[in-house]
Amino acid sequence: MYPNHLLVKEGKTSELSRLFWKLADADRRKIKCARERERFADLKKLPKREEGLLDYRILYGETAAGVPEARYRAVAKGFRSLKGCEPEAFYSSSGRAEIIGNHTDHNGGKVIVAAISCDIVAAVKRRGDGLVEIASKGFRPVRFQVSDTARKRAETGRSASLARGVAAGIERLGYSLKDFGGFSAYTESTVFRGAGVSSSAAFEVLIAEIFNDLHLNGKMTPSEKAEVGRFAENEYFGKPCGLLDQSGVAYGGLNKIDFRNSSVPSVSALPLPKGYSLVITNTGGSHSELTEYYAAIRGEMSEVAAFFGKRTLREINENSLLNALPNLRKKVSERAILRAFHFFEENVRVDRAAEALRRGDMSAFLNCMKESGESSQKYLQNCFVPNSDVQPVSLALKLSEKLLKNGGYRLHGGGFAGTVLACVSDAEKEKYIRAMARVFGRENVFPAAVRKVGTMRVNF
C-alpha cells in the first residue's frame, strides 16, 4: 500500500510526491497489463476461415450470416484495386455505445460502455520502406513515414493526424517503432461518421492494433491501445475527449469502467441483458463542427473542480458542491454548476445500473438509462445547440418516450447532434425500428448487437 498520508502537507503535493505517484502509476500499469494479457490471450485471434470455424457472431451478433463474409471479400477487392496485390491480414475495429455515463470520463467518472457490431474493416500488407499509407472509402488518403511522428499543424482535425498521433502515442508508452517497415491499408466502415458512435476512436484503435500485431507481437494491452487513441485525438487531432470511446472499442463486450485513475482505469465486465437489443438512431447532424460546444462541457466541469483546488470533479464530492454554492456562483456560471451536479448523479446511476444488470433487474436498469437521458437534457444541456431551433435529438427522445412501454432511451455520445440510444425488448423492437425509420429514414436506424471482443486481427 502506498503511504498517502506521507505525501501531502498543508494541502499541497510536493514534487517528490508527484514523482512517487508517477512511479506508482507505472507499477500499477505493469500489473494491469500483465492481467490484461492473460485475460485477452484467448480472444486475440479468431479461428482461420479455411478451417471452417470462423464464427462471425462473435463480431456481429447472433444474426450474422453471409453478409460479413461478403464485406471482407469487398474490402479485399478494394485493396487489390489500389495495390495490385493480395492483402496479408484483415482487422476489425468497432463502434461503441455509451450505455450510461454521459460526459463523465474526462473528469475521472464512471461509465457503462459496449462495443457494438458496426465496424471498420481493414485489409493490410506490410511494406519495407517505412511508409504508412491508409486509403479509406470516403476519406482523404493518409501517408507518413514511421520515423516522422512529430505533430503537423496542417493535419489538425484530419485523419492523418490520428494515424500519426497513434504512432507517436505508441512510442510515448515506451514501445519502439524503429526498423518497422510500415504498411499499406484499405478500409471500409459501417460506423456512423460524426454521429456519436465513435468513428474516430474505432479508427485510432484500429491503427494501434495494426502496429501492435505487425510489429509489436501483440504486446499492447487494450488499455494501452485506448490510451494511445486518446493521446492522438487530444494532442494531434485537437479534440479534448476522455477515454470512454477508445476503451469501449479496445476492450469489447459490455463493461463498467471507472476512470478515477485515468492512466490505469478499472474495468469490470457486465452480463449481457437477455431479451433486449440496442437500437441506435442517427438523427442527423455531425459532431465534427461542434467541438467548441463539446469542449465547453469539459471546460466548465474543470472550472468547478478548480474552485476547490482540484483538477477533476472526481476529487470532490456533491456535499462540497452544495456547501460552496453561495461563493461558487460568484466564480462560475450556473450552467457549470448544473453540469457538475449531473456528473455526481451520473456516477451514482452507473453503480446502480451495473448492480441491476448483475442481478438481472431490467426494470431498474432501464429506469437508470432514462434518468441518465433526462439529466443530459436538464442539467448537462447537450441535447441541442444553444439558440437553435434544429432539435432532432430532442424529437427522437420524445418519439422514443411515446413508443416504448418496456425500454430505456437516452441521448447518446457527445450530444448537440447525432444519435439516440434505446434498449428495447424483443417484443417492441420491430415496431420501434419501423416508427423511428418513418421519421429519420431506415438507413439511419441501426439495430446493434454487443460485440464480444475488441479491436483485433481477423483471419479471414
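Summary of computed values
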read-out	value
Pair list, Cβ under 7 Å, 6 or more apart: region 81-109 residue outside the structural domain of residue 244 (by TED's automatic domain parsing), other residue of a type in the set (Phe, Trp, Tyr) and crowded, with 22+ Cβ neighbours inside 10 Å	none
Yes/no for residue 388 being modelled with pLDDT under 95 and surrounded by fewer than 15 Cβ atoms within 10 Å (Cβ to Cβ)	yes
Contacts under 9 angstrom Cβ, first residue in region 393-407 being among the acidic types (Asp, Glu), partner not in a helix (DSSP H, G or I), 6 or more apart	401/409
Criterion (at pLDDT 95 or above, surrounded by fewer than 24 Cβ atoms within 10 Å (Cβ to Cβ) and outside any strand (DSSP E or B)) met by exactly one of 160, 168	168
Strands (runs of 3 or more DSSP E) within region 407-460 that include 1 or more residues buried (at least 18 other Cβ atoms within 10 Å of the Cβ) and of a type in the set (Ser, Thr, Tyr)	407-412, 419-425
Elements of type helices (runs of 4 or more DSSP H) contained in region 229-341, each with 3 or more residues being more than 16 Å from the chain's Cα centre (by Cα) and more than 30 Å from residue 398 (Cα to Cα)	291-307, 318-323, 325-328
Residue match in region 229-237 (condition: outside the structural domain of residue 385 (by TED's automatic domain parsing) and in contact with a strand residue (DSSP E or B) (Cβ under 9 Å, 6 or more places away or on another chain))	no
Only listed residue being of a type in the set (S, T, N, Q) and closer than 14 Å to residue 171 by Cβ, chosen from 217, 234, 212	212
Candidate set: region 210-228, residues that are part of a loop (DSSP other than H, G, I, E, B) and in contact (Cβ under 8 Å) with a residue 12 or more places away in the chain; chosen: the one nearest to the chain's Cα centre (by Cα)	221
Flag for residue 266 being farther than 30 Å from residue 328 by Cα, surrounded by fewer than 19 Cβ atoms within 10 Å (Cβ to Cβ) and modelled with pLDDT of 90 or more	yes
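Yes or no, residue by residue, for (1) out of contact with any Asp or Glu (no Cβ under 9 Å at 6 or more places or on another chain); (2) among the small types (Gly, Ala, Ser); (3) within 19 Å of residue 341 (Cα to Cα):
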site	(1), (2), (3)
92	no, yes, no
95	no, yes, no
106	yes, no, yes
109	no, yes, yes
115	yes, yes, no
122	no, yes, no
125	no, no, no
129	yes, no, no
132	yes, no, no
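The values are calculated or read from the model by the stated rules, or taken from the named source; none is laboratory data. Bear in mind the structure is a predicted one, so any value in this text is a computation, not a measurement. Neighbour counts are summed over all protein chains in view; Cβ atoms, including those assigned to glycine, are modelled from backbone coordinates with ideal geometry.
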